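The structure appears right after this line, and notes come after that.
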Amino acid sequence: MATQGRRMRFVYGYLAWLLGIVLTLVVLDSLSYELFGILSLVGLLIVTELTVPTSVSPTWCRRLRWLAVLGIVGYAAFVSRKLVGLLPPEVLPW
């Protein structure tokens, strides 16, 4: 399959994933930025893995890797912030 076709398959798959997330969270009355961000990162990783060609590495795939790395770093910052908020004040050195 041509690279252009895979790229469009990625775009359509990721948009479908995001729409599914929004609809599911609205139906469950759980729509929040945190859940949407985490689930969209999971969707990015899944759809990327399913649509990226294995034999060649086009430019758009390398850009997706950087986007995934930034998402994982942001997720780690979010989790660490929540974890620090759960700790009692006497545990923190500052």
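Please treat every number below as a calculation from the coordinates, not as lab data. Quick caveat, the model's predicted, so the values are computed rather than measured.
Numbers below:
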read-out: For the chain, Kirkwood radius (reciprocal of mean inverse C-alpha pair distance, Å); value: 15.4
read-out: The range 62-88-the range 46-60 distance, computed between alpha-carbon centres (Å); value: 23
read-out: The range 48-56 - phi-based ³J(HN,Hα) in whole Hz, Karplus 6.51/-1.76/1.60, Gly and Pro as x; value: 4, 5, 7, 10, 6, x, 8, 8, 10
